Every structure is written in C-alpha cells, then in structure tokens.
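What follows is a set of notes on a single structure, which appears directly below.
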Amino acid sequence: MNHSAGTTLVTGATGLVGNNVVRLLLARGERVRVLVRAETNRRALSDLDVQITTGDVRDADAVRSASAGAAAVIHCAGYVRIGWARPELYQSINVEGTRHVVDACRASGARLVFVSSSDVFGGCSLVRASDEDAPVGPGPAVPYVVTKRAAEGIVAQAAREGLNAVTVNPSFMLGPWDWKPSSGRLLLAVARGWAILAPRGWFSVCDVRDVAAGILAARDGGGLGRRYLLAGRTLQWVDAFRLFADVCGSRRPLGRAGPLMLKLAGWWGDCTTRLTGFEPDVNSAAVALAGLPKNYSSARAEAELGYNLRPIEETVRDAWAWFRQYEA
C-alpha cells in the first residue's frame, strides 16, 4: 500500500520530532491530520495546512476517532522527561497511550510507526556500537526508559499478531522547530553560560530533520515489526558543550564535573523535588543516565531506509539560528 497517497495521522505534532515530521509531510505534498490536546499551545501548528483533531492519547475513543480513515499513524507523542517524579504520568501516556494507538491501528488497518528512544538500550560499549539486536545494557530504571521499553513490547507483540507496525529509536536530537523546547534546552543552557561543567559520559547526537526523513522512510519501506536505530555522532558531553559554545559565541565549559560533584548535584535535585514538588532537570536519574556510554550503529536504517546524517556542526548552527529567530 502507498501510505503517502492517504492521510497520515501524527500524534505529538507540537513536539520536536512530531513538528518536524508534520512539516516534512507537508513539504512532500501529503495530507496530514494531527491529534492535539485541548490545552496544548498550538503555535507550532499555526499557518500549517493540517487537519486538527482535539484529543489525548490517554483517551482511547479520541485516538480511535482520529485514526479513522488514516493510511498511516506516526506515534510521536510521549512524556519525555528524565527523572523519578510522577511515574503514573509516564505510564498513562507512554504505555497506555501507545496501547490505545495500537488498538486504533488494528481497528482502522493503518500502518503504525512508533517513535521510541535509543535510551531503551541502556549503557553501550564504546568499542563496538550497539545495534537493534544488542541486549539491553546496564542503566537506571528511570520511568521514561522503563515505560518506553514497555510500549515497545506492546508494539512488538501486536506486530507478531499481524499489525502493520515498525519502531524507530532516535538518539539525542537537535534542530529547528523545538518549540517547547525539549532537547534544545541543553543548547540554550550552554548559550546562556549556565553550563560551567559538563556531565561525564558519551551520547549520540543527530539532526531531527534526518530523523524525520528516517521516520517517513520507515513508514513507506520499513519491514514489518522491524526496529531501526536513528542515531548520530557519538560525542563526549564536554566536547558537545564546547561545540555548542563555539557556535553560540558563549563561554566554553571548564571541563567535566567530578563524580562527587555529580552525586551531590543529583542529591540536590532529588531533595528539591521532595521539598517543593517540582523536579529540576538535574536530578539523580538524569545524572545516572547521562553518565552511561551511548554508542549506536544506524547501519540497518542506512541500508534499509536510506538514513543519512548531515554534519553535526550544521545541525547545531541551524538549531541555534532557529532559537535566535523564534525564541529570542
């Protein structure tokens, strides 16, 4: 079936990935429907020729109604935060929301592309990049990772039962149209001179526009039940922060934070959460996850989807240019 000939429903269309997917679909002349919560700021969708359906992935009836008549569903919606607070929210959005999308695709016959995360793979080897078949490595059982793994399990089981579904696993993304912002908060922190020291560890950085292209390629040509890592360039956090600073014209970090300082930072974040009910970005879950070596291979996506990465320097420059234009 030619999925590009029909309507594609995108959940999470106001987020970094979803908004880039929507814009790429429109640039290709395709029909797009989006599922947006009533309370969501819709600035990311202004002036875009999309059909807006109001609803929440936690509402099975709303998801079923939005999916009706769609040739494909790209499920980008999720609760993306690294911390310990409000585990029930991760469960209701990431797990039950995905279950509702799967059930709706079963009912409508739509092709499903589930957008998961490379974080489900845990810690990896810096000697040999992990691929889709690698066993789960060590890492903290933070709610985001746990619920994304559970959601993947739901999609995989449905695919074994005949659902036309595929899963993609992007790594850390930067790029334009980061309205909230999400990953771009890190770039902005460096630009504002707040990142005096960088975390320890390695991570994989890619361009959200390349990920969006990979997602559409998975929709059109991904194998039934296949997983595709849409990863990027493996960098130390400190090297990434230095690149961010150079592009933004801000102060470079002094170096990497030591283990004791990181432990204290995580402890401070957890205490702040308990005292105020507000969980800061720096907490023990974020510190532990950032410290893992994250090194992935996108060979399968390159071979089967034509996944291709632009230079990381271009990605950072374009992300910073977008923030200066839209978020100044």
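Read-outs: derived from the displayed coordinates by stated rules, not from any lab. Predicted, not measured: the structure shown is a model, and the values here were computed from it. A quick note on method: Cβ atoms are made from the backbone with ideal geometry, for glycine too, and the neighbour counts reach across all protein chains shown.
Among the listed values [x] 65, 44, 34; [y] 57, 53, 38; [z] 54, 42, 37, the one computed from these coordinates for Cα extents along the principal axes in Å is [z]. Each part gets one Cα centre, and for the stretch 92-169 versus the stretch 12-78 those centres are 20 Å apart. In terms of the mean number of neighbouring beta-carbon atoms within 10 Å, the peptides 198-207, 12-21, 150-159, 69-78 order highest first as 12-21, 69-78, 198-207, 150-159. Database remark: amide H of A165 closer than 5 angstrom to the amide H of L112, G225 (H placed geometrically; neighbours at sequence offset of 5 or more, or on other chains; Pro and chain starts carry no H). For the pair R324 and M261, a Förster radius of 51 Å applied to the C-beta separation gives a FRET efficiency near 0.95, rounded to the nearest 0.05. Antiparallel as a % of all DSSP beta bridges within the stretch 158-268, to the nearest 5? Roughly 30 percent of the DSSP beta bridges within the stretch 158-268 come out antiparallel. Can you tell me the relative contact order of the stretch 157-239? Whole percent, Cα pairs under 8 Å, sequence separation 6 or more. Relative contact order for the stretch 157-239 comes out at 48 percent. Each Lys and Arg Cβ is given +1 and each Asp and Glu Cβ -1; about its Cα centre, the chain then shows a dipole of about 440 debye.
Within the straight-line cut-off of under 14 Å between alpha carbons, the aspartates and glutamates reachable from K148 are E88, E96, D119, sequence neighbours fewer than 8 places apart in one chain being disregarded. With contributions of -39500 (n - 2.57) from each DSSP H run of at least four residues, the per-residue ellipticity at 222 nm computed over the chain stands at -12500 deg cm²/dmol. P(r) tail, the stretch 32-119: Cα-Cα pairs separated by more than 18 Å, 45% of all pairs. Legend: Rg and Dmax of the stretch 89-158, from Cα coordinates, 13.7, 44 Å.
Ordering L188, V155, G221 by Cα displacement along the dipole of the chain toward the positive end leaves L188 in first place; charges were set at the Cβ atoms of Lys, Arg (+1) and Asp, Glu (-1). Over the Cα atoms of the stretch 190-261, the radius of gyration divided by the Kirkwood radius equals 1.16; this is the Rg/Rh ratio. Ranked for footprinting exposure by Cβ neighbours inside 10 Å, fewest first, E88, E279, E304 give E88, E304, E279. Under 5 Å from the amide H of E279 lies no amide H of any residue 5 or more positions distant or on a separate chain, with H modelled from the backbone and absent for Pro and chain starts. Take the Cα of T54, step 7 Å toward its Cβ, do the same at E161, and the gap between the two points is 3.3 nm. Relative to the globular-protein estimate of 2.2 N^0.38 Å, the Cα radius of gyration of the stretch 130-203 stands at 1.48. Annotation for A189 and V136: the two label points, set 7 Å from Cα along the Cα-Cβ direction, are 2.6 nm apart.
Under the simplified labelling scheme, the S182-N41 pair shows an inter-label distance of 1.6 nm, with each label point 7 Å from Cα along Cα→Cβ. Of the residues S46, S297, the one with the fewest other Cβ atoms within 10 Å heads the list, and the complete ranking is S46, S297.
Positive end of the dipole of the chain (Cβ unit charges, origin at the Cα centre): among L305, G266, A60, the Cα lying farthest that way belongs to G266. Note on the stretch 1-147: the C-alpha convex hull projects to 10.1 nm² when averaged across all orientations. Neighbour counts of other Cβ atoms within 10 Å put L186, L126 in the fewest-to-most order L126, L186.
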